[in-house]
Amino acid sequence: MAVDLVGGGTFRAAFQMLFDAVIAVKKETTMFKSLLGDIKSTLESLQPVIKEREKYKSKEGLGNFTTQMEEGVKLVYKCSKVGVWSCRKYRYTRKLDELDKCLQRLVEVLKVQCIRDAKETLVSLRNIETVLHRIEGNLVMQNQPEKINGWSSVPEPPPVTVGLDVPLKELKIKLLKDDVSMLVLTAAGGCGKTTLAKKFCQDQEVRDKFKNNIFFVTLSKKPNLDLIVHELYQRKGSQVPAFENEVIAVYWLQQFLKETSQNPVLFVLDDVWSGSESLLEKFDEFKMTNYKVLVTSRFAFPRFGSPYHLESLNDEDAMALFHHSASLEDKSSYAREDLSRKIVELCKGFPLAITAVGRSLRGQPIEIWRKRVMEWSKGSSILASNNDLLACLKSSIDALDKEKPTLKECFLDLCSFPKDQRISAATLIDMWAELYGLDEPSLSIANLYELTTQSLANLIAARNEREADGYYTEHFVTQHDMLRELAIHQASQDPIGKRKRLIIDIRGDNLPNWLTEAKHQLMQARLLSISTDGAFSNKWPNMQLPKAEVLVLNFETKSYNLPEFVKKMDKLKVLIVTNFSFLPAELNNFQLLGSSSNLKRIRLEHISIPSISKNLKQLQSVQKISLFMCSIGQAFSKGSINILDALPNLGEMHIDYCHDLVELPVEVCDLIRLKKLSITNCHNLSALPEKIGKLLSLEVLRLRSCTDLLELPSSIRNLKKLNFLDISYCFSIKQLPEHIGEICSLKKLNMRQCSRLQDLPASVLDLEQLKNVICDEETEILWEPFLPLLKNIHIKVLKEDINLNWLHKHPS
């Protein structure tokens, strides 16, 4: 980059040397590529500021930055010599980050100085302008609306927009309400947030209301309040002094808002990034009539109220946008129209993807169209051929690199599952507990909420319950296909042998070329995901994965064999097996897990459990097993398996949506180390074994939504360590055990929607540790006679709030 620099030859030389060093080292190294890319972007952003400064020939304050740039050159070249396993890696990472921050400060300093110099020039120009206006006689008509020019003017939306009429109406209804001062318009990058905000500002109803009091501000990733306030005053033609600190800047912002808000005022803060909450708070402090702030962001910022989520385009609008982007005539050929429909389907209503693909195919022969569609249909990424689209989406996760690296890893893990399928939050809890040490399930759920607020995923719960008690079976995650492609693309950047996660998609028996060529290559991946279709014949390649801790297997066949290489996965801690076919599948080779001495968690979905119980070896290290929509049959009955011998250290058992479970096998009661037993949504379960009282280590017993369960065994009184009992939505239970009061450690009881429960036994008065009871309005009445004697108990009444969105498999 050749730049005409000002501020002296020393500064010019230091800048150019630093830029050249960054370019050269970035090509050579992979370790610091992301950080060097950030520094390169910052240096490029200096170019227009420096050129602007050149107009005023100012050299003030460049000496210190010159020195830091010279030191930066030395630092960058030192980084090129740091090895992958060097202990100096982290020190140089920190120093590069500090260099980037120093350069960003230089950008802001020069911007403010440019504003000051411009204002000084503006004063002289105004004196001349005043004389000219007198000569010209002020020919501007007073009743003509003044056009807003400059930094805060409202940019025009693109000449053609589709699919935004309904969102525009909804946005106006939501923001223009009297009790709303700030609204966050959120969606993933490239969904049209800024375009919608521009249309909102140009809407006639909005213009009539706010007139010239519309301020459109596009922010940077690290916005500078000082600069923003100066620019606002410049928009009004006013001057303010330089601010010594942020407190003074806030004061002048308050003054500006007070002066401006005499008439209705609208601020649009466009492209606000995570970490800018303090700036939004300063704009949100002023709860004045007719004062509105519209924020566009990839981040939902829930503390500022319920956001407006901009959805993807429907098929009709997506087709219209593609026609425009590809410059197709209304009467294009049938073949090209058919290909257009396939392309639009692949883009999943994502506006930026549709536009980018349309432009790339504009004017191309139909053979090129067919080639691209074939490549994309076979799994090739659209992102690989569209740099603008990739850069837009990638910027969302680049922001996580420094601030929240674990959250970025969690995002990338979502590509371990087939597209267009819901991902169980419980699955992710198991994975992340072992990969990232998120032992508390709520920590994984918190990460999913963060990914949702940043428009990188969508967490959906079947019931919107405000009472968090660790039950996440009915929480599911969906993700737009473009974001999944982004995750796969990012996960594939390193050489295959060095990738953290290996994502393998097999169609029929057609293995990826790299897999057949790397039979004896050691893979360093911690996570391995393999997805196969209904034509897969269980012919597994030989793979060596000595560091793999999580194995995710997704399949669609009636019978499925665990791969032989599992027995060599010495560090395997989590096994996730999911069958996506219609009926529960048989799972073979389960005995291979007998050699997995570190295996802690097993989750099986839609599996026939008798098929594995025949050959189950001792799994000494397994602490948690989850069965979701499985066929239980006679899996645990005598003669099939001694469950205590097979799972001697099992601490958690989860059985969910297993509809053939009528009676819990008595053998389960032999699991003397079991601390948590969760049986939910097993609607045909009618009885628990009387021997359940043998589970003396049990701390949590969850029987949620077992609608045919008639009663709790009287032996439950023996569970002296039980602290949480959940019988919510057990509609058939008519009474609690007479001696339930002997559960001396019980602290929490959830009995919502136990609609046939007639009364409570007198022994509830003995539940001295009971602090929280969750009820509905009907079951609350049952406690009223006891409340005068139960001083420490808290009754919480929750209303039913069912969310049916989780039923949809395909994310919009």
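Which whole-angstrom value gives the distance between the alpha carbon centres of segment 559-595 and segment 493-553?
14
Match the structure shown to one of the listed values (i) 2, 10, 12, 12, 11, 10, 9, 8, 7, 6, 5, 4, 2, 1, 0, 0; (ii) 3, 14, 24, 26, 20, 9, 3, 1, 0; (iii) 2, 11, 17, 20, 19, 15, 10, 4, 2, 0, 0 of P(r) over Cα pairs in 10 Å bins from 0, in percent, computed from it, and give that label.
Matching entry in (i) 2, 10, 12, 12, 11, 10, 9, 8, 7, 6, 5, 4, 2, 1, 0, 0; (ii) 3, 14, 24, 26, 20, 9, 3, 1, 0; (iii) 2, 11, 17, 20, 19, 15, 10, 4, 2, 0, 0: (iii).
Given a cut-off of under 8 Å on Cα pairs at least six residues apart, what relative contact order in percent is computed for segment 303-439? Walk me through the intermediate numbers first.
Working: 83 pairs, mean separation 26.6, N = 137.
Relative contact order comes out at 19 percent.
Output ³J(HN,Hα) for segment 18-33: one whole-Hz value per residue in order, computed from phi by the Karplus curve 6.51 cos²θ - 1.76 cosθ + 1.60 with θ = phi - 60°, and x for Gly and Pro.
Once θ is set to phi - 60°, the couplings for segment 18-33 become 5, 4, 4, 5, 4, 4, 5, 6, 4, 6, 8, 9, 9, 5, 9, 4 Hz.
Please report the accessible area of Phe476 (heavy atoms, 1.4 Å probe, ligands and nucleic acids excluded) in Å², nearest 10.
Probe radius 1.4 Å; accessible area of Phe476 about 10 Å².
Can you compute the helix-only [θ] at 222 nm over the chain? Use -39500 (n - 2.57) per DSSP H run of at least 4 residues, normalise by all residues, nearest 500 deg cm²/dmol. It would help to have the intermediate numbers written out before the result.
Details: 23 runs with 298 residues, N = 812.
Mean residue ellipticity, 222 nm, calculated: -11500 deg cm²/dmol.
Which length gain, in nm to one decimal place, applies between Glu690 and Tyr77 when the Cα-Cα distance is subtracted from 0.36 nm times their residue separation? Please report the intermediate quantities before stating the final value.
Values: separation 613, 0.36 × 613 = 220.68 nm, distance 7.26 nm.
Result: 213.4 nm gained on full extension.
Round to the nearest 10 and report in Å² the accessible area of Asp533, as given by a 1.4 Å probe over the protein chains' heavy atoms.
30
Label points 7 Å out from Cα along the Cβ direction at Asn598 and Asp165: separation in nm?
5.9
Starting from one equal scatterer on each C-alpha and no solvent at all, send me the Debye-based log10 I(q)/I(0) for segment 404-489 at q = 0.18, 0.24 Å⁻¹, two decimals.
So the normalised log intensities are -0.72, -1.31.
Based only on Cα atoms, what mean projected area does the convex hull of segment 467-544 have, in nm²? Mind dumping the intermediate values first?
Values: hull surface 30.3 nm².
Its Cα hull, projected and averaged over all orientations, spans 7.6 nm².
Of the heavy-atom accessible surface of segment 404-489 (probe 1.4 angstrom), what whole percent is carbon and sulfur? Before the final figure, lay out each step's value.
On the way: 1300 of 2630 Å².
Roughly 49 percent of what the probe reaches on segment 404-489 is carbon or sulfur.
Could you work out how far helix 193-202 tilts from the main Cα principal axis of the chain, as a 0 to 90 degree angle to the nearest 10?
Rounded to the nearest ten degrees, it is 50.
Would you mind checking Lys40/Lys198; Lys221/Lys394; Lys27/Lys547 for any pair whose Cα atoms are more than 22 angstrom apart? Walk me through the numbers on the way to the answer.
On the way: Lys40/Lys198 30 Å; Lys221/Lys394 14 Å; Lys27/Lys547 29 Å.
In this structure, Lys40/Lys198; Lys27/Lys547 lie more than 22 Å apart at Cα.
Subtracting the Cα-Cα distance from 0.36 nm times the residue separation, let me have the gained length for Asp20 to Gln364 in nm, one decimal.
On the way: separation 344, 0.36 × 344 = 123.84 nm, distance 3.75 nm.
This chain segment gains 120.1 nm when fully extended.
Sort Thr161, Thr578 by accessible area with a 1.4 Å probe, largest first.
Values: Thr161 45, Thr578 10 Å².
So, going from the largest accessible area down, we get Thr161, Thr578.
Ignoring ligands, DNA and RNA, what accessible area per residue does segment 454-613 give at 1.4 Å, in Å²?
Numbers: 6360 Å² over 160 residues.
Result: 40 Å² of accessible area for each residue.
Provide the FRET efficiency to the nearest 0.05 for the Gln544-Lys177 pair, computing r from the beta carbons and using R0 = 51 Å. Kindly include the intermediate steps, with their values, before the conclusion.
Values: r = 61 Å, r/R0 = 1.20.
Efficiency for this residue pair is about 0.25.
Which whole-number percent is the relative contact order of the chain (Cα, under 8 Å, 6+ apart)? Working shown, then result.
Details: 1464 pairs, mean separation 49.1, N = 812.
Once normalised by length, the contact order is 6 percent.
Counting only the backbone N, which residues of segment 525-544 are under 18 Å from the spot 7 Å out from the Cα of Lys419 toward its beta-carbon?
529-534
Indicate, rounded to the nearest 5 percent, the antiparallel portion of the DSSP beta bridges found entirely in the chain. Could you put the intermediate results ahead of the total?
On the way: 8 of 87 bridges.
Bridges in the chain are about 10 percent antiparallel.
Under the definition of Cα pairs under 8 Å and six or more residues apart, what whole-number percent is the relative contact order of segment 404-489? Can you show the working numbers first?
Details: 92 pairs, mean separation 33.8, N = 86.
Reported as a whole number, the value is 39 percent.
For segment 164-309, I need the span (max minus min coordinate) of the C-alpha atoms along each principal axis, in Å, sorted largest to smallest.
44, 32, 24
Compute the distance in nm between two label points, each set 7 Å from the Cα along the Cα-to-Cβ direction, one at Lys221 and one at Gln204.
The answer from the label model is 4.3 nm.
Pulled fully out, how much extra length does the chain show between Tyr90 and Gln493, if you take 0.36 nm times their separation in residues and subtract their Cα-Cα distance?
143.0 nm
Taking the Cα centre of the chain as origin and charging only Cβ (+1 Lys, Arg; -1 Asp, Glu), how large is the dipole, in debye to the nearest 20? Don't skip to the answer; put the middle values down first.
Working: 107 positive and 102 negative charges, 496 e Å.
Magnitude of the dipole: close to 2380 debye.
If I ignore ligands, DNA and RNA and count only protein heavy atoms, how much of Tyr472 is accessible to a 1.4 Å probe, in Å² to the nearest 10?
Tyr472 has an accessible surface of roughly 30 Å² with all protein chains in place.
The values are calculated or read from the model by the stated rules, or taken from the named source; none is laboratory data. Source: prediction; values computed, not measured. Here Cβ is always computed from backbone atoms with ideal geometry, including for glycine, and neighbour counts include all displayed protein chains. Each accessible area value is taken on the protein alone, full model and side chains, heavy atoms only, with ligands, DNA and RNA left out. Shrake-Rupley method; radii C 1.70, N 1.55, O 1.52, S 1.80 Å.
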